[in-house]
Amino acid sequence: AEEREELTWELFGSAGRELARTVADDGYAPDLILSIARGGLFVAGSLGYALDVKNLHVMNVEFYTGVDQRLDLPVMLPPVPNVVDLTSKKVLIADDVADTGATLKLVRDYCLDHVAEVRCAVIYEKPQSTVKCEYVWRRTDRWINFPWSVLPPVVQRSGQVLDA
Ligand code: 5GP
């Protein structure tokens, strides 16, 4: 089997802090963090606390349907945040990984014409990414296992009654 990049929950804790450190050291003080659901929610939550930013927004983008299985183009799912709310704001887009970069490009371009400034923070960036993120924790060309998506979804056990 081909080698995977494994992010554990423990490593994720360090990654969030270290990523926030690079943002702060760079002197970027975002007014709001725009997370790309679902993976970006974890990153945005971590950065929100570490950078003391309480203004968090979510954008839902669907692109991947499985390991290296993706749609032709990433699509924004409703509700899409109102860019009017973001006018004259400094935005930090947070996501788990820039792979092709298509997802980040979609979200960044959506913001670009409206907001004062937009920068991207990711845990991982792959070499082929068309978006070069300002803040990157690690670089890899492997498929990454994230702690939040490595296990299959919890489903109701058949023939059993769920109780507390
Ligand atoms: P992109 O648009 O940059 O190709 O992909 C962005 C999204 O695809 C990520 O936010 C993530 O949900 C998914 N993705 C891309 N590469 C990987 C990977 O190596 N591992 C996992 N688990 N998801 C990935």
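The values are calculated or read from the model by the stated rules, or taken from the named source; none is laboratory data. The shown structure was predicted, so the numbers you read here are calculated from the model rather than taken from an experiment. When we count neighbours, we look across all protein chains shown, and the Cβ atoms used for this are built from the backbone with ideal geometry, even at glycine. Only protein heavy atoms, including side chains, enter the accessible area calculation; ligands, DNA and RNA are left aside. Shrake-Rupley method; radii C 1.70, N 1.55, O 1.52, S 1.80 Å.
Measure off, as a whole percent, the carbon and sulfur share of the 1.4 Å-probe accessible area of the chain, all protein chains present.
50 percent
Might you report the magnitude of the Cβ-based charge dipole of the chain about its Cα centre, with Lys and Arg at +1 and Asp and Glu at -1, to the nearest 20 debye?
With only Lys, Arg, Asp and Glu charged at Cβ, the dipole is about 140 debye.
As I understand it, the value is the acute angle between the Cα axis of helix 39-50 and the longest principal axis of the Cα atoms of the chain; what does it come to in degrees, rounded to 10?
Result, in degrees: 50.
Please report the antiparallel percentage of the DSSP beta bridges confined to the chain, to the nearest 5.
Rounded to the nearest five, the antiparallel share is 20 percent.
Over the Cα atoms of the stretch 82-164, each weighted equally, I'd like the Debye log10 I(q)/I(0) at q = 0.13, 0.25 Å⁻¹, rounded to two decimals.
Debye curve over Cα of the stretch 82-164, log10 I(q)/I(0) at q = 0.13, 0.25 Å⁻¹: -0.55, -1.17.
By per-residue mean of other Cβ atoms within 10 Å, what is the highest-first order of 94-100, 29-35?
Values: 94-100: 24.9, 29-35: 20.7.
The packing order, highest mean first, is 94-100, 29-35.
Tell me the mean residue ellipticity at 222 nm calculated for the chain from its helices only (DSSP H runs of n ≥ 4, each -39500 (n - 2.57), averaged over every residue, nearest 500). Before the final figure, lay out the partial values.
Details: 3 runs with 40 residues, N = 164.
Estimated from H runs of four or more residues: -8000 deg cm²/dmol.
For the stretch 123-140, what does the Karplus curve 6.51 cos²θ - 1.76 cosθ + 1.60, with θ = phi - 60°, yield as ³J(HN,Hα) per residue in whole Hz, taken in order and with x for Gly and Pro?
Per residue, the Karplus-derived 3J(HN,Hα) values read 6, 10, 10, 9, x, 7, 4, 6, 9, 9, 6, 5, 10, 9, 7, 9, 10, 8 Hz.
Show the residues, 5+ positions off or on another chain, whose built amide H is closer than 5 Å to the amide H of residue 5.
Those lying under 5 Å, H to H, from residue 5 are 143, 144, 145.
Label-point separation (nm) for residue 149 and residue 80, each offset 7 Å from Cα along Cα-to-Cβ?
2.2 nm
Could you list the square roots of 5 times each eigenvalue of the Cα gyration tensor of the chain, that is, the equivalent ellipsoid semi-axes, sorted largest first and rounded to whole Å?
26, 19, 18
At 1.4 Å probe size, with every protein chain present, just tell me what the per residue accessible area of the chain comes to in Å².
59 Å²
Taking H as built 1.01 Å from N, whose amide H comes closer than 5 Å to the amide H of residue 57, not counting residues under 5 places away?
Distant-sequence amide H within range of residue 57: 33, 34, 35.
Checking the cross-link filter: which lysines have an alpha carbon closer than 23 Å to that of residue 105, excluding same-chain neighbours under 8 positions apart?
Within reach: 89, 90, 126, 132.
Among 143-150, 71-78, how do they line up by average Cβ neighbours within 10 Å per residue, starting with the highest? If you can, show how the numbers build up before the last one.
Working: 143-150: 15.2, 71-78: 11.1.
Listed from highest to lowest mean packing, they are 143-150, 71-78.
Take each of the peptides 4-10, 16-22, average the number of other beta-carbon atoms within 10 Å over its residues, and list them starting from the highest.
Result, highest mean first: 16-22, 4-10.
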